[in-house]
Every structure is written in C-alpha cells, then in structure tokens.
1. Find how many whole Å separate the alpha carbon centroid of region 68-104 from the alpha carbon centroid of region 191-262.
2. Are any of the pairs 58/81; 58/220; 101/152 more than 21 Å apart by Cα-Cα distance, and if so, which?
3. Between residue 58 and residue 99, what length in nm is gained on full extension when 0.36 nm per residue of separation is reduced by their alpha carbon distance?
4. Considering only protein heavy atoms, what is the solvent-accessible area of residue 116 at a probe of 1.4 Å, reported in Å² to the nearest 10?
5. How do 180, 107 rank by accessible surface area computed with a 1.4 Å probe, from largest to smallest?
6. For a Förster distance of 60 Å, can you work out the FRET efficiency between the beta-carbons of residue 427 and residue 32, rounded to the nearest 0.05?
7. Where does each of 360-372, 68-80 land if you order them by average Cβ count within 10 Å, highest first?
8. Note down the nm distance, to one decimal, between modelled labels 7 Å out along Cα→Cβ at residue 313 and at residue 65.
Amino acid sequence: MARPPPPQPKPAQKAAKGGTKKQTNLERSSYFARREAAKVLKSVLLGDANKRAVGSIKTLIYSPTIRNKQATFALVCQTLKHLPILKEVIEGANILNGKWKRQEELMYIIAYDILFGQATVVLAGDAENFLLLRKDALQSALAKLCVKKKVKRVEDLLLLYNPNPDVSKPRYVRVNTLKMDFESAFLELSKQHKVQKDDIVPDLLVLPPGTDLHDHPLVKNGSIFLQGKASSMVAVALGPQPGWEVLDACSAPGNKTVHLAALMRGKGKITACELNKDRVKRLEDTVKYSGASNVEVLHGNFLNISTDDPLYKKVRAILLDPSCSGSGTVVDRLDHLLPSYTAAQAADVADTPRVKNLAAFQSKALAHALSFPAVERVVYSTCSIYQTENEDVVKSVLPLADSLGFHLETALPKWTRRGLPVFEGSEHLLRTDPVVDMEGFFIALFVRKTAVSSSVVSQESEDHGHIQQTKEHNGQNQSLRKKPVKRKLLPTRFVRMAEMMSRSYLIRRVQELG
C-alpha cells in the first residue's frame, strides 16, 4: 500500500522585505529531513521510555525507508544531545500546547534548528512557522536557563547536560560471501578507500573512521554489511559447518543470523527465533536482504521450544545472544544520547534490578540451550561489560554443562583479552574492551566433549567437498565401530538422569537469582 505524500512545505515569510525566498533543493531537503528525523526520534524516545527499543538509533536511521540519511542522522543526534535543554527552553517559553503538543518530537527537531542549527530555517511548513513566530520567546527562555545554570555560553550549558565525548573508531565491513567473494569486495572498496583485512575475523574489512558507506551500491544490494568487529566474532566463534542444523535463539535484527548462513555457505538449516513482533519484521528484512536461503524465521519464545521436539532433535549448534543491558555498545549505538542513560549515570547500573533480572533470564536461556539432545556447540554472547551478565551467568550453568558433557573452550585463540578471573576456566572466555576496542562484548563457547571427534570428521568431509550430512553420519558410524557398544550405551542413561537432576538444580538457582 503506497504511503500518502507528505504535506508540501510553505516558504517562510521574510521579515525584512515581506517577500518570500525562492525554494531550493537544499531547503526542500532540510524540510523533509526534519519530518524523517521526527519519526525516528519518536520511535527512539518511545522505545527508551518503555525499555523496548525496536532497534538502535543507527538501525532506525539507516533503514531503507529513510531517504536523506545523512541529514536525518545529524538532526536526530544533535537533537538528542540538546534534548534536555530543548525541553526546558520550550517549557520555559510556555508555547507547546494543543495540536503541537501531540507533535512534540517535530517541535524538538525544529527548535534545535532554530536555536542551534547552522543554517537558517527558510523553507517552512505550519510547524516551522509556529515556532518561528515564537523565536524571541525561545531565545529568551534559553538565556534565562544559562543564567539559572550559571554559565555564559550555550556550549558550557551543553557540557552540563551531556559530558560524554564523541568517540571515533574504524569502520568495519563484513563481506556477505553469499553474494560476493571477499577479494572482489576488497578490490571494489579499495578504489575509493584505504582498506585493510582484519587479522581475527575472516571476511571482515577495516576502513578509516568516519567512512560513510550507507549509500554505497554494495551496501544497498546486500553484498557487504556494516557490522562491528566484536559482533562479527560471535558467529565465527560458534563455527557451524555447512550442512548443520543451527538454532539462533534471539535473532533480531539478524546480522549474526545471516553471518551464520554465510559461514555455512547457504547449506543446512538455521532456525532464527525472535519473540518481539516488530523485530521479527526487521529480522525477515535482513534475511531477505542478505540472500540467505537456508534461514527459517520463527516468531516465538526460545524458552518455549521443547528440547524433546522432533523438529530440533538434530540441532548441532546454538547461538544465544539474548537481551542484555547493552552497556558495551553505549557509544556505538549512541545510547549515551538517550534520556535513560543520562539518568542512570550516577547509579551503579550493574547492581540494578533490571540487570539482575536480565541475568536470571540469561542463565535460564543458556541452560535451555545446553539441554538440546544433539547440540555440540553453544555460544553465549552479550554486548555487556557487567560481570553479572557475563562470567556470573556462565558460572551459574557450569554444573549443568558438566553433567551434560560440555566444557568451556577458548573462542578465537588469537584474541588476547579474556574473562575476569572469578572462577577456574574463565581464561577460556572472551572479552573486548570498551576503551581499547571501543565496544564491550563477551563470548563464551561451550563444546560437548563427546562431539569433538565427530566435529573433526565433519570438517574433513567439508574440506573434500562431499555431502556434509552423509559424511558426518558415516564418520560417526566408523567411530562407533571402534568402541565397545557398552561404553556408548551405559553412560547415556546416567547422563539423562544427571540432566534431570541438574535441571532441577538450575531452576532452584534461577529462582534464587530472581
């Protein structure tokens, strides 16, 4: 269904000569950018207030529905930086009422342009004209606020409300090998930019900070993804083989899901589970955009998937990247601009009820992932810097993991930064540093001990280019012939008993955490 065209702008009246300024392309672009920015801002503020964001600020701005991405990005970011000031100024001027109160996001955007924008608001609609007629009241309220806060300049006022410095980091680009080979992407991007190959993540390219690729043809056609390095590490750590059945437990927005599909060369099956309805749509768009044909989107709760369900009895790898505090990506996601972040700065966020509740859910979800009967590899990852959501969650499931034959294995051995030394084996965990690496991620890799030999067989089969599932089955049969039958059968019964006992233990543990 086609969207109705937006209302056409009206030229603002010029006080000097009573005439109107001729419309230009730049002015029209600014007018429509303010409307697009207002829609993004409304979604951002609503998600922040409800603690249920549809996506990060960048995700919303760089969606296909936003036409003027650069201008919209600038307006949203600058308005959020100035939002506490804008709210006090508009309230002090006492001008927001009636229908304009229902369009407060647009009022914030326009007020920013009038008070702080570098260009004069010329091409205007009714909303712009409403505020332009009250420009003196806005400027007077701003001056009074400066006096109240005992500052002489607006720049000093801004520092009081937003002390966070802007952080610059390299632009990372993951080549989507489902659509384009790595070397071709490298050569194409090298025509206009300085490009390097990442030393940890295959198919990841590194470009200078500030490189804007959002309108690049390779981004638009899904050949490359603008995905951070730490985020790209997660699927690589899981290491699924082509032909496997894989479960992505909390999938949206889907970048890690389609990365898994690329690593599997489009073979096998990935079930991408997502509970939130709005995020399911985003997930489906990402899958379609990537060209991944082996992904099946499931709208539902991962915890409601029965480990006894025949549909999932062949799942060999699970990626669990559950909801978390997002404390490691505050700057990258621009979350430091959100009202809730400002309010939380003075508190010890790691000890808040929200983080503790998240940790309880994360422990429960990780235990559930480990309980699938055929699973061989499980990756638990967060974009959090808190021990509560990272090492503590892993430690809480270790008794269950051990009873099911799992052990912690070192993910991406070339990476040097490891887990906090709070329990034996934490050196296998992976952390990225929010200062050094400019994002804080955590990865734990569980591998089932009895699956090591079959994983080797699977890798050798794929290297020879044969049918993956057939070779794995043959390799497992050969392994069974070398071992006495009793050694294979007897422990299975005890493992099932231990699993039931451990599940009971974990439920009690989760209740204690909650």
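1. So the two Cα centres are separated by 35 Å.
2. Values: 58/81 15 Å; 58/220 16 Å; 101/152 30 Å.
Flagged as over cut-off: 101/152.
3. Numbers: separation 41, 0.36 × 41 = 14.76 nm, distance 2.90 nm.
Between residue 58 and residue 99, full extension yields an extra 11.9 nm.
4. So the heavy atoms of residue 116 present about 40 Å² to solvent.
5. Numbers: 180 35, 107 0 Å².
Per-residue accessible area, sorted high to low, gives 180, 107.
6. Here the calculated transfer efficiency is 0.65.
7. Working: 360-372: 22.9, 68-80: 20.5.
Ranked from most to least packed, the peptides come out as 360-372, 68-80.
8. 4.3 nm
The values are calculated or read from the model by the stated rules, or taken from the named source; none is laboratory data. A quick note: this is a predicted structure, and the numbers were derived from the prediction, not measured. As a convention, Cβ positions derive from the backbone with ideal geometry for all residues, glycine included, and neighbour counts pool all protein chains shown. Heavy atoms of the whole protein, side chains included, go into the accessibility calculation; ligands, DNA and RNA do not. Shrake-Rupley method; radii C 1.70, N 1.55, O 1.52, S 1.80 Å.
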